Amino acid sequence: MGKFWQLLVLVCMPILASSISIEDSLILHLNQLDDTSRLTKLIQSSTSYIDRDYEVSLQLAEWAVSLSDSINSAPKKINALHHLGGVYFKIQEYDTVIRLYKQAFQIAQDVKPTTERLVAINISLGNAYYRKTEISQSLLYYQEALSIAKELGVQGFDQRLENSKKLLATSEESIIDVALNSGFKSVSHYSRKFKEKYSISPSEYKLTFSGK
């Protein structure tokens with residue numbers, strides 16, 4: 001168990017248990033994972049809670065960002081920040097959303113992630129500024145997203161789905177990482193489009209290759 005998670009379990013969780021409703025079975029499961037798998041599970045769980053218990057979703061997303069610091073992986077840090085920004089977007093805290101997305105974008109510029117990821121972050125920033133009715137600033141990020149897409153040649157929608165399908169079959173990346181790294185802004189949107197095209201969910205498709 002990583003040092004961050006040990007501290008969280010020993011000090012923070014007993015305090016938080018009385019104020020938010022995180023299932024004991026989830027905590028038990030998280031304790032059994034390595035830090036990389038734990039980070040993936042935190043983001044997945046945060047996503048599943050977002051419509052039924054915002055406070056739990058937010059807490060899990062905050063833990064994911066803190067855990068990504070201890071893992072010391074820039075792509076995973078970007079994923080965690082982008083996800084946390086999406087949780088705050090849900091309750092219209094747009095200043096926090098913008099701060100998180102800008103932090104993700106700064107890291108992304110340094111590590112040169114996939115074109116789709118840069119485009120997705122710029123679109124997310126554009127959306128946040130649009131919701132704040134700062135239209136000129138919003139347009140700047142939308143234009144930047146379009147510029148990156150044209151310059152580096154973002155693939156079409158069907159091609160991104162096809163590439164994600166290959167990642168599911170051949171890599172150890174989580175569904176969340178595959179979705180975000182393929183240019184989709186949310187796992188739910190990605191999963192829905194994947195199932196519409198292939199008549200199987202991404203998780204079901206990935207399971208067919210487990211152990212091979």
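Values quoted throughout were computed directly from the atomic coordinates according to the rules given, and no laboratory measurement underlies them. What you see is a predicted model, and the numbers here were worked out from it, not measured in a lab. Don't worry about glycine lacking a Cβ; one is built from the backbone with ideal geometry, like all the others, and counts go over all protein chains shown.
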Study note, to complete from the structure: What one gets for segment 45-170 as the Kirkwood radius, inverse of mean 1/r over different Cα pairs in Å, is 15.4
Practice item. Just the number, please: Stokes-Einstein D of segment 155-212 in µm²/s, Kirkwood Rh from C-alpha pairs, 37 °C, 0.692 mPa s. Key: 296
Review point. Highest mean first, what order results for 159-168, 130-139, 89-98 on Cβ atoms within 10 Å?
Key: 159-168, 89-98, 130-139
Check your understanding: Once both labels are modelled 7 Å past Cα along the beta-carbon direction, what's the T36-Q137 spacing in nm?
Key -> 3.7
Practice item. With an 8 Å cut-off on Cα pairs and a minimum separation of 6 or more residues, tell me the relative contact order of segment 119-212 in percent. Key: 22
Exercise for review: Please give the peptides 56-65, 75-84, 190-199 ranked by average Cβ packing (other Cβ atoms within 10 Å per residue), highest first, as a rough proxy for protection.
Suggested key: 75-84, 56-65, 190-199
Review point. Hey, how many Å between the Cα centroid of segment 167-194 and the Cα centroid of segment 56-115?
Key: 17
